[in-house]
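Here's the structure we're looking at; comments come further down.
Readers should treat all values here as calculations from the given coordinates under stated rules, not as data from a laboratory. On a predicted model such as this, the values are computed, not experimentally measured, just so you know. In this analysis, Cβ positions are derived from the backbone assuming ideal geometry, glycine residues included, and neighbour counts consider all displayed protein chains.
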Amino acid sequence: MARRRTDGEFMQELSDLLLEEGIAQLGVGEIASRLQCSRRRLYDIAESKQGLLFAVARRHFEEGLTRGERAAAAEDDPARVIVAHAMAGVETAVKLSTAFLRDLEATEEGSELFDAYQRKRAEGGRAILEAGIEKGYYNAHNAMVATEIGLGAAMRLRRAEFLAEAGLTFEEAMAEAYDLMHNGLLVRAREPRAKQAARPSQGSSPSEHAPSASESARGKKRRTAPMKPVNQLKTST
């Protein structure tokens with residue numbers, strides 16, 4: 001007789017299925033068949049397939065918040081803590097398919113679940129920025145403004161219609177947004193490109209010139225070199 005899956009194992013399999021396919025094309029019977037389980041086991045989690053979607057979303061977002069906290073705490077380079085926190089968010093976004101996002105955003109409860117997750121992510125990022133600014137690791141921008149920009153971008157970029165028009169996954173869109181926030185749009189003015197590439201910004205550390213978030217997420221399929229910071233202050237934001 002096959003070993004009964006633990007609740008954690010079963011929830012992981014359910015999450016993998018719904019994060020990839022959403023629920024619009026699946027009924028409770030189809031989900032049970034795909035997972036080779038009884039309907040009763042699904043109903044022990046939630047009373048409807050929509051409830052199953054919400055349960056999966058809560059679990060995924062809670063894991064994402066924990067991942068971000070751990071990634072930031074594990075970063076040895078203080079100037080890179082915000083990047084580690086951002087990349088944990090991109091990693092969480094990897095599994096959010098367009099189908100899942102569309103189904104989640106289709107209800108007020110689902111949309112609020114996503115909002116709450118992104119607000120908590122923003123609060124964590126703001127705390128990191130404020131601490132880094134105080135210690136001189138980041139440029140002295142207003143941390144509330146910076147995190148509000150990031151939060152607003154995240155809430156807009158997750159829309160299925162935008163992602164379809166842009167031809168991006170949510171992961172790729174968030175990586176691009178973080179890249180823009182960290183590195184800016186412009187290379188330094190009035191300096192030959194070869195010299196820009198050869199000389200790091202003043203006071204920067206070698207780790208600041210690692211591949212950007214968007215390059216990591218997209219496998220460098222659209223860009224071969226990271227954008228350079230627009231100024232020469234101690235570190236980039």
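Before moving on, here are some points about what is shown:
- Amide H to amide H, with H built 1.01 Å from N, Gly136 comes under 5 Å of no residue 5 or more places away or on another chain.
- Per-residue 3J(HN,Hα) values for segment 108-121, derived from phi via the Karplus relation 6.51 cos²θ - 1.76 cosθ + 1.60 with θ = phi - 60°, read 5, 5, x, 5, 5, 4, 5, 4, 4, 4, 5, 5, 5, 4 Hz in sequence order (x marks Gly and Pro).
- Cβ-derived FRET efficiency at R0 35 Å, Arg39 paired with Ala127, nearest 0.05: 0.20
- Cβ crowding within 10 Å ranks Asp44, Asp115 as Asp44, Asp115, fewest other Cβ atoms first.
- Summed side-chain charge close to Gly150 - residues other than Gly150 whose Cβ falls under 10 Å, Lys, Arg +1, Asp, Glu -1: +1
- Per-residue Cβ neighbour counts within 10 Å put Ile45, Ile82 in the sequence Ile45, Ile82, beginning with the fewest.
- Computed from the C-beta positions of Glu9 and Glu109, the FRET efficiency with R₀ = 25 Å rounds to 0.40.
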